[in-house]
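What follows is calculated from the coordinates using simple rules that are stated; it is not laboratory data. Bear in mind that the values here come from a model prediction, so they are computed numbers and not experimental data. Backbone-built Cβ (ideal geometry, glycine too); neighbour counts: all protein chains shown.
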Amino acid sequence: MQSVQEFGDNPVEVRETGHYTEEYIPSFVEKWDSLIDWGKRAESEGTFFIDLLRKRGVKSVLDVATGTGFHSVGLLAAGFETVSADGSADMLAMAFENGMARGGHIMRVVQADWRWLNRDVHGEYDAIVCLGNSFTHLFSERDRRKALAEFYAMLKHDGILVLDQRNYDAILDDGYTSKHRYYYCGEDVTVEPEYVDEGLCRMRYEFPDESIYHLNMFPLRKDYTRRLMAEVGFQRIDTYGDFQHTYRGEQPDFFVHVAEKE
Ligand code: SAM
């Protein structure tokens, strides 16, 4: 079992879409839930996603970035027919355990990489959710377009894609100011960007046992993500800041894009 993340001699040169499978090693996956703290995260998000989906009459949801299952479990508990996909088998195993432990849900899990989603996941969905700043793992524009096209194809004609991202514009333009209030809520975990340029945001995660992990991410600018969605065919894209519709004034830590197919 791999116990150390492999980034080679020059970690800031690792800018590959497929590298996420080597970053989410089992010992990091085991720690993920202390990083995201389910209770605090549920408090910050409230019923934002559930309300959004219900308002649009959504019944079936494909969670394409299941991770350890935070959103999938919430969706199942709220009564949505939910399929939970992720490219990492270790993440899915943890999600399945969490589903059982938190409400006795038997999750339908599928290991699938977004670039070939239609090959491995079947059916059409009212909504696809890609949350927890996951889309940032794609390093080339070609992969981002391919993934969005795969999402688009798996939606019903009036389906929606809900995709969030960290506010990288703020990180790139003004430096890192996250209040750590959203998503990464584990109090004893320090999360900070160790290196940032227009093509890479390398995040460092330090846990109370002093173990250190990294994730190499592509810093998506908000308008760039919106443009890609439009170019792939989504007709209308609404962007929310930190679970509110307006984001004037203080900069939000995260954006949530809701893209409509019809
Ligand atoms: N949504 C979860 C959350 O909010 O806690 C997990 C977020 S984690 C930052 C990103 C997840 O996306 C990981 O579980 C990773 O395995 C998955 N992922 C990254 N790139 C992927 C790809 N190309 N195909 C499928 N899954 C991918």
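Report the per residue volume, in Å³, of the convex hull enclosing the C-alpha atoms of the chain.
Dividing the Cα hull volume of the chain by its residues yields 123 Å³.
List the pair-distance distribution P(r) of region 64-191, using every Cα-Cα distance, as the percent of pairs falling in each 10 Å bin from 0 up to the bin containing the longest distance, rounded to whole percents.
12, 38, 35, 14, 1
Going by average Cβ neighbours within 10 Å, how do the peptides 122-133, 200-211, 218-229 rank, with the highest at the top?
Most protected by this proxy first, the peptides run 122-133, 218-229, 200-211.
With an 8 Å cut-off on Cα pairs and a minimum separation of 6 or more residues, tell me the relative contact order of the chain in percent.
19
Taking every DSSP beta bridge with both residues inside the chain, roughly what % is antiparallel (nearest 5)?
65
In nm, what is the difference between 0.36 nm times the number of residues separating Arg221 and Gln235 and their Cα-Cα distance?
3.1 nm
Which three semi-axes in whole Å describe the equivalent ellipsoid of region 1-138, each the square root of 5 times a Cα gyration tensor eigenvalue, listed largest first?
26, 17, 14
Quote the relative contact order of region 30-121 in percent (integer), defining contacts as alpha-carbon pairs under 8 Å separated by 6+ residues.
23
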